[in-house]
1. Would you work out which of 149, 71, 87 lies farthest towards the positive end of the dipole of the range 61-177, given +1 charges on the beta-carbon of Lys and Arg and -1 on that of Asp and Glu, about the Cα centre?
2. Pick out which of 60, 42, 155 has the largest mean-square fluctuation in a Gaussian network model of the chain, springs linking Cα atoms closer than 10 Å.
3. Please rank 77, 95, fewest neighbouring Cβ atoms within 10 Å first, as an exposure proxy.
4. Search the structure for amide H atoms under 5 Å from the amide H of residue 131, placed 1.01 Å from N in the peptide plane, and list their residues when 5 or more places away or on another chain.
5. At 0.36 nm per residue, and after removing the present C-alpha to C-alpha distance, how many nm does the segment from residue 106 to residue 137 gain when stretched out fully?
6. Using 0.36 nm per residue, how much length does the chain from residue 150 to residue 129 gain when fully extended, once their Cα-Cα distance is taken away?
7. Can you compute 3J(HN,Hα) from phi for each residue in the range 121-133, using the Karplus curve 6.51 cos²θ - 1.76 cosθ + 1.60 with θ = phi - 60°, rounded to whole Hz and x for Gly and Pro?
8. Quick one: if you stick a label point 7 Å off each Cα along the C-beta vector at residue 64 and residue 121, how many nm between them?
Amino acid sequence: MDRTFDSLKREKRCLTLVRFVVQEHHARQVHFDLRLEIAGVLKSWALPKGPSMDPSDKRLAVMVEDHPVQYFDFEGIIPAGYAGAGPVIVWDHGICVMSDGTDPEEALAKGKMVFELSGNVLKGGFSLVRMKGSGDKNWLLIKKRDAFSHPGWALRRALTKEKERALQERVPPCQMI
């Protein structure tokens with residue numbers, strides 16, 4: 001059974017809910033961007049190989065600059081001359097429930113975030129763990145073993161030629177002056 005925002009609000013335990021989005025970004029190199037809405041901004045990680053539903057995959061997640069919340073549903077073609085030029089689409093989105101009511105800002109500062117995602121593609125438990133000895137930017141996104149785990153899972157890109165033709169050139173909100 002999928003958990004919705006309303007059903008999660010009705011649960012008796014203390015929950016910390018944040019929105020999440022994963023954007024498929026065809027810039028110089030195709031990658032995926034995981035964004036969690038925390039403290040009024042989208043905390044963001046670039047995932048060179050994208051997320052995985054296979055617990056044996058530990059995916060590099062490079063923390064990048066915060067994005068404004070207006071970027072949450074951004075889709076379009078970032079024009080040449082702007083950072084990240086190329087097509088961007090929403091690959092998945094939904095609700096992120098922090099483990100045991102954990103404050104996301106505190107978990108972020110400590111370098112370990114444990115949460116459950118309820119999206120169209122990504123479901124179940126995940127953790128984001130800062131890698132030791134590699135500065136503050138390199139993290140690992142790891143799928144927990146649970147009912148939603150899928151060993152051998154293969155990522156499917158969502159940007160088709162048809163979808164790309166439908167996109168319009170747009171300057172993203174994070175680059176507007």
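Quick note: the coordinates plus some simple rules give every number you see, no bench work behind them. Just so it is clear, the structure is predicted and the values come from calculations on it, not from any experiment. For neighbour counting, all protein chains shown are included, and Cβ atoms are generated from backbone atoms with ideal geometry for every residue, glycine included.
1. Going by the charge dipole, the pick is 149.
2. In the Gaussian network model the winner is 155.
3. Numbers: 77 16, 95 19.
Neighbour counts put them in this order, fewest first: 77, 95.
4. 138, 139, 140
5. Working: separation 31, 0.36 × 31 = 11.16 nm, distance 1.65 nm.
Gain in length upon complete extension: 9.5 nm.
6. Working: separation 21, 0.36 × 21 = 7.56 nm, distance 2.06 nm.
Contour length minus Cα-Cα distance gives 5.5 nm.
7. 10, 7, 9, x, x, 9, 9, 10, 10, 5, 7, 6, x
8. Roughly 1.6 nm, to one decimal.
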